[in-house]
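The values are calculated or read from the model by the stated rules, or taken from the named source; none is laboratory data. Just so you know, these numbers come straight off a predicted model, no measurement behind them. Quick reminder, even Gly has a Cβ in these numbers, built from the backbone with ideal geometry, and neighbours come from all protein chains shown. Heads up: the accessible areas ignore ligands, DNA and RNA and are worked out on the full protein's heavy atoms, side chains in. Shrake-Rupley method; radii C 1.70, N 1.55, O 1.52, S 1.80 Å.
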Amino acid sequence: MKEIIDRLADVHTLSREEYRTLLTEMTAENEEYLALKAREIRHAIYGHDVFTRGLIEFTNYCKNDCYYCGIRKSNQHASRYRLTREEILSCCKNGYELGFRTFVLQGGEDGYYTDERLVQLVRIIHERYPDCAITLSIGERSKESYQRLYDAGASRYLLRHETANEAHYKRLHPSNLSLQNRKACLVHLKNIGYQVGCGFMVGSPGQTVDNLIEDLNYISSLQPHMVGIGPFIPHKDTSFANEKAGSLAMTLRLLSILRLMLPSVLLPATTALGTIHPMGREKGILAGANVVMPNLSPTDVRKKYMLYDNKICTGDEAAECRLCLSRRMEKIGYRLVVDRGDYRTCDL
Ligand code: 5AD
Ligand code: FES
């Protein structure tokens, strides 16, 4: 097992069988070795810095009906909201003062947010905060729309592929959504010049080890700048209400594998990871992650952006997630930095 881990650290890719061994035959001792190698590479490129992204969940209206997601269109219990331009700009102002230099505008696929409205919004943020990066996470749009938003000043885009296996994609999504289109969006985004993030949920219903290997191979071929992974967590108002959540151990293992596959990748320790374990985000950083994405949304809407049950950072105590995370990171020997947190090229 150690030889396989060393090989992955050296050549950044493995055969399907080797990935399978890593994913299925892991012992506690090897788990620690895998994390150690992942941290070594992460320290060589990013030191002990942890990058932050201020997440602004600006709308929970969504025209899609993904079976896993709490804000899916058919969830009648979701209380819908949409932040106004002024509210979003006030999140940015607050975020800038707190030390954020990247804003992530995330939302459901909300028809109200036309290209015109979004372009105008992105342009204003870009003008007011020229030293900040603007990341969009607003789902599938046309190539032209992605281009217009890029021209307006957005430079990064998060669009999880969710699973790289056709049959599994169908198990998670209604038939009007396709893996093919998802992948095409990621290619368009990359070609336009965005820094692109893909990703998937760990332990989503029906996910097999083979599916995970396909995810890893797809990620290898796409060579994204960012990869977002977190455990699947059931939401009570979805078709998957009674499914099991993804495991902490498997998520951490995959974070370490991703760090070794893509040494420079921007890898968040996600809120979902922090939700399944009180120290989940710390453990994620110690497994090789280097980004955290605290919530910057107004506290009164946070409970409404419930993609899954029991999401953390939605109560009153969450007004200052940045401070909380900063303390948490210091306790494990890392520091939150005031920085755009750009991708660093390297030849490791
Ligand atoms: N559990 C965990 N992650 C989820 N997401 C959506 N629903 C869930 C859930 N129930 C993730 C998806 C999506 C991202 C914004 O949140 O991967 O791309
Ligand atoms: Fe949100 Fe701690 S990070 S409350």
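Summary of values
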| item | result |
| --- | --- |
| FRET efficiency for ASP210 and CYS324, using Cβ-Cβ distance with R0 set to 51 Å, rounded to 0.05 | 0.85 |
| The chain: angle of helix 209-222 to the longest principal axis, Cα-based, in degrees nearest 10 | 70 |
| Whole-percent pair-distance distribution, where bins are 10 Å wide, for the alpha carbons of the chain | 5, 26, 37, 25, 6, 0 |
| Contour minus Cα-Cα distance for ASN217 and ARG340 (0.36 nm per residue) | 41.4 nm |
| Amide H contacts under 5 Å for LEU158, placed H, 5+ residues apart | LEU136, SER137, ILE138, GLY197 |
| Whole-Hz couplings from phi, Karplus 6.51/-1.76/1.60, listed for segment 238-250; x for Gly and Pro | 10, 5, 9, 3, 9, 7, 7, 6, x, 8, 4, 4, 5 |
| Pairwise label distance in nanometres, SER175 with GLU144, each label 7 Å out on the Cα-Cβ vector | 2.9 |
| With all protein chains modelled, accessible area of ARG302 [1.4 Å, Å²] | 10 |
| Label-point separation in nm, ASP115 to HIS77, each point 7 Å along Cα→Cβ | 3.9 |
| Per-residue SASA entry for HIS235, accessible area with 1.4 Å probe, Å² rounded to 10 | 10 |
| Full-extension gain in nm, LYS244 to SER90, via 0.36 nm per residue minus C-alpha separation | 51.6 nm |
| Between helix 85-98 and the chain: long-axis angle, C-alpha atoms, 0 to 90°, nearest 10 | 50 |
| Descending principal axes extents, segment 48-114, alpha-carbon based, whole Å | 40, 32, 21 |
| Theoretical gain in end-to-end length, ALA44 to GLU166 [0.36 nm per residue, Cα-Cα removed] | 40.3 nm |
| Student exercise, the chain dipole from Lys, Arg, Asp, Glu Cβ charges, in Debye to nearest 20 | 560 |
| Per-residue ³J(HN,Hα) for segment 19-36, Karplus 6.51 cos²θ - 1.76 cosθ + 1.60, θ = phi - 60°, Hz, x for Gly and Pro | 4, 4, 4, 4, 7, 10, 10, 7, 9, 4, 5, 5, 4, 5, 5, 4, 5, 4 |
| D_trans [Stokes-Einstein, Kirkwood Rh over alpha-carbon pairs] for segment 280-348, 37 °C, 0.692 mPa s, µm² s⁻¹ | 237 |
| Distance-filtered residues of segment 193-208 - backbone nitrogen under 16 Å, label point 7 angstrom along ARG16 Cα→Cβ | 208 |
| Sum of side-chain charges, ARG7 neighbourhood, beta-carbon under 12 Å (Lys, Arg +1; Asp, Glu -1) | -2 |
